[in-house]
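J.: Handing you this structure, nothing more for now.
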Amino acid sequence: MQKDEKFQDWLFRYSFVYRTRRTKKNKQRFLSALFTDLYAIREDVNVVAYNYANYHSRNVYVGDIENADKIICTYYDTPLKHIGKYRFFDRKGQRNQTLFSLILGIVLLISAGIIGTVIYMRSSRSDMAFFSTQTILFACLFGIYFYFFGKTARGLSNKQTAVRNTSSILTMLKMIDRLEDPSIAYAFIDEGCYGDEGLQVIRDSAKKTCQFFFLDSVGANAPLRYEGNYFSEKEDQTANNKKGLPVNRINYIYSARVDEQTHAYYLSKKDLKRKSMDLGHMEEILELFS
């Protein structure tokens with residue numbers, strides 16, 4: 001298969017067939033497809049399991065993680081629906097937005113359930129048979145209601161994942177396919193939407209001088225940004241603190257806009273809902289490591 005055809009195949013499958021990667025079943029289907037695609041390129045592919053918040057998580061590694069000079073990584077799990085913008089480097093703010101969306105959904109469903117019950121009680125007759133058409137229909141509607149209530153209570157997955165974070169996954173697949181540098185390793189991280197546990201597992205295995213490059217939403221229709229000591233040896237860490245950037249040896253590559261008032265990095269809901277990706281950003285990142 002030609003490289004362009006291979007990429008178009010990845011683009012279709014990971015943007016549509018495997019776009020949701022949150023539940024155990026979703027992730028298993030995705031990992032099976034990812035492992036097959038990676039193993040078709042090279043054989044040094046490994047799956048490493050670890051426990052995170054009583055959940056059995058899995059990272060996928062390509063290359064020699066322990067001896068690599070550079071490790072390029074991104075998260076593959078799907079975020080929950082949330083209210084407002086996606087704010088980079090603001091875990092607490094993002095968690096609050098997700099929690100607000102969850103509570104709002106539950107409140108709306110409870111209100112709808114109460115209204116539906118009141119309407120049924122007012123419209124039903126006292127002498128209505130237990131197995132009447134109206135009663136059976138109402139029971140079916142309530143069954144559907146509690147099904148959706150259960151899904152909402154657990155949190156709804158964001159199904160618009162082309163930008164966050166399928167674009168970063170595709171960028172890494174493209175790099176693995178094209179680059180033949182044994183000093184570079186790759187890691188697809190589980191639970192990256194919610195914390196850094198998966199990333200910490202990799203850091204514990206890598207050598208101390210290794211440079212990490214974390215990709216996030218690189219295909220967004222926003223400026224591609226580079227942050228970290230690798231890109232600027234004289235980086236002003238104080239300035240980074242004001243921006244909310246974590247101070248460590250991890251470098252970040254991401255597409256984002258800048259809030260003119262707070263100078264924080266973000267992507268709007270419109271950015272996140274885009275079904276297309278900026279493929280030029282992928283080529284720019286490829287060129288950086290070539």
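J.: Just the number, please: carbon plus sulfur as a percent of the accessible area of the chain, 1.4 Å probe, no ligands or DNA/RNA counted.
T.: 55
J.: Roll a 1.4 Å probe over the protein chains and send me the accessible area per residue for the chain in Å².
T.: Values: 15830 Å² over 290 residues.
Averaged over the residues of the chain, the accessible area is 55 Å².
J.: A further question follows. What angle do you read, to the nearest 10 degrees and between 0 and 90, between the alpha-carbon axis of helix 91-123 and the longest principal axis of the chain?
T.: Helix 91-123 sits roughly 20 degrees off the main axis of the chain.
J.: Using alpha carbons only, what's the Rg to Rh ratio of the range 21-66 with Rh from Kirkwood?
T.: Looking at the range 21-66, the ratio lands at 1.00.
J.: Just from its helices, what would the mean residue ellipticity at 222 nm be for the chain, if runs of 4 or more DSSP H residues each count -39500 (n - 2.57) and the sum is divided by every residue, rounded to the nearest 500 deg cm²/dmol?
T.: Working: 9 runs with 127 residues, N = 290.
Computed ellipticity for the chain at 222 nm equals -14000 deg cm²/dmol.
J.: Counting only Cα, what are the radius of gyration and maximum Cα-Cα distance Dmax of the range 152-221, in Å?
T.: Both quantities, over Cα of the range 152-221: 14.4, 46 Å.
J.: Using only the alpha-carbon atoms, how far is helix 24-41 inclined from the longest principal axis of the chain? Give it as 0 to 90 degrees, nearest 10.
T.: With both axes taken from Cα atoms, the answer is about 30 degrees.
The values are calculated or read from the model by the stated rules, or taken from the named source; none is laboratory data. The shown structure was predicted, so the numbers you read here are calculated from the model rather than taken from an experiment. The protein model used for the area step is the full one, side chains on, heavy atoms only, and it has no ligands, DNA or RNA in it. Shrake-Rupley method; radii C 1.70, N 1.55, O 1.52, S 1.80 Å.
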